[in-house]
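*Asks:* One structure coming up, written as structure tokens, with questions to follow.
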Amino acid sequence: MTRAARSVASPRVVSIEDFRPIARRRIPQSVFDYLDGGAEGEVTLRENCRIFNDVTFRPRHAVALADCSLCTTVLGFKLSLPFLLAPVGYSRLMHPGGEVVAARAAGRAGTGYILSTISGHKLEDVKAGSSGPVFYQLYLMGGRGAAEGAIERARVAGFSALFVTIDTPVSGIRERDFRNGMKELVSGGALEKIPYLPQILSRPGWLFSFLRDGGVPPLPNVVVPGKGPMPLIDVATALAESAVTWADLRWIREIWKGPIVIKGVLTADDALRSIDEGAAAISVSNHGGRQLDGVPASLRVLPEVVEAVKGRIEILMDGGIRRGTDIAKAIAMGARAVLCGRAYAYGLAAAGEAGVDRAIDILRVDLDRTLRLLGCPSVEALDRSYVNVPKSWEGN
């Protein structure tokens, strides 16, 4: 067992929060803040986690349960767990195995993995490494030609669904990235890196792995016709030039015959428009608090979306998931399953594949214990009768 694996296997690592200091010690400050931070004042980032405190449980006591089932079905796929690993851009910066090992860990656990367009590994390699369903999250970076090429590659590789993100007409301003030299780390010249060398040199293990991995290669899944793979430095500009519109859903549907999930829904209006555009599911999401600061926490708008959709399509939710209790509350309030991003990315940054395995296991055990304490036999039996939701949340 490697030193990193031993660190996350320690009895002291009992929650997702316990990964944060380990990850902070292993990777440079700029990379940690890229993972940990949010937009502007990080109000929405904090609220995503805090809001779960406003929902309380209504347990059924004196209930004998021989077993609790954590299984559910998402987009027709039977999953062993009601949480999927969300797209986390350029996970390869956190650990050389990046998206490949995260997808492998998800498949081993019997759940799904969603690959970001902004991936450090080829989508074919990510899919080949996982035994479970793998989905592709789509930005239109590089223009329609680049997107069509990626969609076709995803189809040939056997990806199961397309997650189209609609909340990124421009990249949110993540102030920590500017303060800590994230741009200089991934694309700056030698002189530009000098002010940030102390934080990099103080993480020799990460630096050795980073250099052995070849530094920062271009984005292998954003291949611009006539130009080749897009450099990571061009991401912000490319996002601003290729915002997704509802009209784009029409040509995307023409070339992608599988399920489409609309990610970034925060209102009933957008949920209903997603149905009109043929979506198989939506993900209630504020991009982990990394885009427009000051929007509501995802859990806060879940009742509005559930009421509007009325069961016509599946509803997923992401944002602030750190515990099994969070998962149970979101599902009881109407989500089919949740997406976890930082929850596993902290583990990836702390200890690579072993860290992702451990993060998944923590959430699994936590959720199983929560169901038993609730007196609920299965994830699929969770409903509003198991939670108290503030009355002020209703009817919005």
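*Asks:* Rank by packing, highest mean first: peptides 164-170, 329-335, with packing defined as the count of other Cβ atoms within 10 Å averaged across residues.
*Replies:* Numbers: 164-170: 19.4, 329-335: 24.3.
Listed from highest to lowest mean packing, they are 329-335, 164-170.
*Asks:* Still on this structure: Each residue of segment 261-275 in order: what ³J(HN,Hα) in whole Hz does its phi give by Karplus 6.51 cos²θ - 1.76 cosθ + 1.60, θ = phi - 60°, with x for Gly and Pro?
*Replies:* Ordered by residue, 3J(HN,Hα) equals 10, 8, 10, x, 7, 10, 9, 4, 4, 5, 5, 5, 5, 4, 4 Hz.
*Asks:* Sequence gap at least 6, Cα distance under 8 Å: using those rules, report the relative contact order of segment 3-384 to the nearest whole percent.
*Replies:* 28 percent
*Asks:* Any idea what the dipole of segment 3-384 comes to, in debye rounded to 20, about its Cα centre with Lys/Arg Cβ at +1 and Asp/Glu Cβ at -1? Don't skip to the answer; put the middle values down first.
*Replies:* On the way: 47 positive and 41 negative charges, 215 e Å.
Computed about the Cα centre, the dipole is about 1040 debye.
*Asks:* For segment 370-387, what does the Karplus curve 6.51 cos²θ - 1.76 cosθ + 1.60, with θ = phi - 60°, yield as ³J(HN,Hα) per residue in whole Hz, taken in order and with x for Gly and Pro?
*Replies:* With coefficients 6.51, -1.76 and 1.60, one gets 4, 4, 5, 5, 7, x, 10, x, 7, 4, 5, 8, 5, 8, 5, 5, 8, 9 Hz.
*Asks:* Another one. Using only helices, what value at 222 nm comes out for the chain when you add -39,500 (n - 2.57) per DSSP H run of length 4 or more and divide by the total residues, to the nearest 500 deg cm²/dmol?
*Replies:* -12500 deg cm²/dmol
*Asks:* Return the long-range amide H neighbours of Phe163 (sequence gap of 5 or more, or a different chain), with a cut-off of under 5 Å between placed amide H atoms.
*Replies:* Answer set, sorted by chain and number: Tyr136, Gln137, Leu138, Val261.
*Asks:* Output ³J(HN,Hα) for segment 163-176: one whole-Hz value per residue in order, computed from phi by the Karplus curve 6.51 cos²θ - 1.76 cosθ + 1.60 with θ = phi - 60°, and x for Gly and Pro.
*Replies:* 9, 9, 8, 10, 9, 10, x, 9, 7, x, 8, 9, 4, 4
*Asks:* Mind ordering 290-296, 200-206 by average Cβ neighbours within 10 Å, highest first?
*Replies:* Going by the mean number of other Cβ atoms within 10 Å, highest first, we get 290-296, 200-206.
*Asks:* I need the Debye-formula profile for segment 3-384: one equal scatterer per C-alpha, no solvent, reported as log10 I(q)/I(0) at q = 0.08, 0.10, 0.12, 0.13 1/Å, two decimals.
*Replies:* Calculated log10 I(q)/I(0) at the listed q: -0.38, -0.60, -0.89, -1.06.
*Asks:* Follow-up question, since we're still on this one. Scan around Asn221 for amide H atoms under 5 Å from its own, H built in the peptide plane at 1.01 Å from N, and keep only partners 5 or more places away or cross-chain.
*Replies:* Ser119
Any read-out appearing in this document is the output of simple, stated calculations on the displayed coordinates, not a laboratory observation. Just so we're clear, the structure is a prediction, and the values are computed from it rather than from any experiment. Reconstructed Cβ throughout: ideal geometry from the backbone, glycine too, with neighbour counts over all protein chains shown.
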